[in-house]
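Scroll down for the structure; my scribbles are underneath it.
The values are calculated or read from the model by the stated rules, or taken from the named source; none is laboratory data. Since the structure is predicted, the reported quantities are computational estimates derived from the model, not experimental observations. With ideal geometry, Cβ positions are generated from the backbone for all residues, glycine too; neighbour counts draw on all protein chains shown.
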Amino acid sequence: MAPDSVRESILEFLNSVKPSRRPRDTRCACGSTMTPRNTTFFYNGRSWEVILSVCLKCHPAPDVPVSYDA
């Protein structure tokens, strides 16, 4: 069943993420290994811990400091 609103879509996505599941080692389109990063999303008074894979070579915000402690 499709969500009726953007709010419902966001909540459906965040509720579907499993916090303890680490992503597989994957490669970016540039060939670099994706690095897992612990991320917290906050929405509507709740929070979700999510692990996202990030390419440090293609990072879209080069002026933002990146911690290399995984």
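The figures follow:
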{"quantity": "Any chance S32 is at pLDDT 75 or above and over 14 Å from the mean Cα position of the chain (by Cα)", "calculated": "yes"}
{"quantity": "Close pairs from the stretch 32-49: first surrounded by 10 or more Cβ atoms within 10 Å (Cβ to Cβ), partner among the basic types (K, R) and not in a strand (DSSP E or B), Cβ under 7 Å, at least 6 apart", "calculated": "S32/K57; P36/R22"}
